[in-house]
Amino acid sequence: MPRLFRILRQKLRLRARRQWLLWRAFRCRRRLRPLWDRTAQIQPGDILLFTAIRNEALRLPWFLDYYRAMGIRHFLVVDNGSDDGGCEYLANQPDVSVWLTHASYKDALFGLDWLNWLLRRYGAGHWCLTVDCDEFLIYPHHDTRPLQALTDWLDASNIRSFSAMLLDMYPKGSLTAQPYRAGQDPFQVARWFDPANYVIRKNGEYGNLWIQGGPRARAFFADDPESAPALNKIPLVRWRRGQAYLSSTHMLLPRSLNRVYDENGGEKASGCLLHAKFLSTFVEKSAEELTRRQHYANSQEYLAYHAGLRDDPDFWCEESCELQDWRQLEDLGLISKGNWA
């Protein structure tokens, strides 16, 4: 009886948490002002991309082209008061809908309220990819099979969510020595990654895996590795109205969506999000975000970045690997084909 009581109590607690997230998303909808609403173009079966941005004009051209080539049919973008011309650029993109808000990113659960509302309003019934503007999904066979092939297989396998570990990419040498220009493939510059030094544990409450490590852990959090950023992501989800992201795209509710791994020792298909944060623009961006103090834990992560960037560090080390292809990442155990041959 005590065990059954604990299970029931957990279910009720998680259900209340999910309803709270959905209520927050519904409440915040009035803070989103549509600038270019082209959602009438969305067709059944379209794969949609959701993102929140602020001052990402340099990244937008490559970001949009990359995901268009992958098979994204419509982009739903929340712009949090950009002043770098990015919003004006998006005005001329026929497959992009944009909502503007000047509300606090922090008070909106770091943008989750906005994205949860758009996902609920427009994502239901679609495969939805939720990523930041510096995150680029790769998965087994991504070079020969479009995203629709993956989602068709996921549907046929009755799999509703797909995980992708965040893989921090970085250049060899100083960040500022290799300027990034608009429209450039960021991985022409940031071609290196850490092949190991990752720690994985299970979150007992929500059932998701928690992954930490990589260059940010060793460069900025060597003295406090448990404070290093989480690298586990579940960015691709077959969306239903009652679902909600809980902490960035690290985990969702219902908690069944977090079971993106095989608990019996096997492997499930998974990908990586190549993270193009460490470009020449990062020094200026981190200083801006530190001033704004709109990120998690009073921007402690950006405080660490600011301290570590004063000496213009080189993230490259003897153990660094240069990116080749998805097969290399599979050999390293960072992505998996699972049963998707």
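The values are calculated or read from the model by the stated rules, or taken from the named source; none is laboratory data. This structure is a prediction, so every number in the text was calculated from the model and none was measured. Using ideal geometry, Cβ is built from the backbone for each residue, glycine included, and neighbour counts are taken over all protein chains shown.
What the table below lists for this structure:
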| quantity | calculated |
| --- | --- |
| Condition met for R310 (in contact with a Lys or Arg (Cβ under 8 Å, 6 or more places away or on another chain), at pLDDT below 95 and basic (K, R)) | no |
| Count - residues of segment 36-50 that are surrounded by 14 or more Cβ atoms within 10 Å (Cβ to Cβ) and closer than 13 Å to V78 by Cβ | 3 |
| Output for segment 190-243, where each listed residue is assigned to a strand (DSSP E or B) and of a type in the set (G, A, S) | G213 |
| Breaking point among (1) in a loop (DSSP other than H, G, I, E, B); (2) in contact (Cβ under 8 Å) with a residue 24 or more places away in the chain, for N264 | (2) |
| Residues satisfying the stated conditions in segment 20-74, i.e. assigned to a helix (DSSP H, G or I), of a type in the set (A, V, I, L, M, F, W, C) and more than 17 Å from the chain's Cα centre (by Cα) | W20, L21, L22, W23, A25, F26, C28, A40, A69 |
| Output for segment 132-152, where each listed residue is of a type in the set (D, E, K, R) and free of Cβ contacts under 8 Å to residues at least 60 places away in the same chain | R145, D152 |
| Residue under evaluation L60, criteria (1) crowded, with 21+ Cβ neighbours inside 10 Å; (2) in contact with a Cys (Cβ under 8 Å, 6 or more places away or on another chain); (3) under 27 Å from L253 (Cβ atoms); (4) of a type in the set (A, V, I, L, M), criterion not met | (3) |
| Qualifying residues in segment 252-284 (those that are over 27 Å from D143 (Cα atoms), of a type in the set (A, V, I, L, M) and at pLDDT 90 or above) - the one surrounded by the fewest Cβ atoms within 10 Å (Cβ to Cβ) | L253 |
| Positions within segment 244-261 being in a loop (DSSP other than H, G, I, E, B) and either under 16 Å from I211 (Cβ atoms) or without any contact (Cβ under 8 Å) to a residue 60 or more places away in the chain (or both), in sequence order | S248, T249, H250, R259, V260, Y261 |
| S104 among the small types (G, A, S) and surrounded by 20 or more Cβ atoms within 10 Å (Cβ to Cβ) | no |
| Segment 213-229: number of residues that are over 10 Å from V199 (Cα atoms) and either touching a residue at least 60 places away in the same chain (Cβ under 8 Å) or not hydrophobic (A, V, I, L, M, F, W, C) (or both) | 10 |
| Filter result for L166 (farther than 22 Å from G265 by Cβ, in contact with a Lys or Arg (Cβ under 6 Å, 6 or more places away or on another chain) and either aromatic (F, W, Y) or part of a strand (DSSP E or B) (or both)) | yes |
| Neighbours by Cβ (under 8 Å, 6+ apart or cross-chain): first from segment 47-73, closer than 20 Å to F162 by Cα; second among the small types (G, A, S) and assigned to a helix (DSSP H, G or I) | L48/G123; F50/G123 |
| Complete set of residues in segment 134-163 that are outside any strand (DSSP E or B), in contact with a Leu (Cβ under 9 Å, 6 or more places away or on another chain) and closer than 30 Å to Q19 by Cβ | T151, L154, R160, S163 |
| Residue match in segment 85-101 (condition: assigned to a loop (DSSP other than H, G, I, E, B), in contact with a helix residue (DSSP H, G or I) (Cβ under 9 Å, 6 or more places away or on another chain) and in contact (Cβ under 8 Å) with a residue 60 or more places away in the chain) | yes |
| Answer residue from segment 196-241, given it is within 21 Å of R160 (Cα to Cα) and aromatic (F, W, Y) and is surrounded by the fewest Cβ atoms within 10 Å (Cβ to Cβ) among those | W210 |
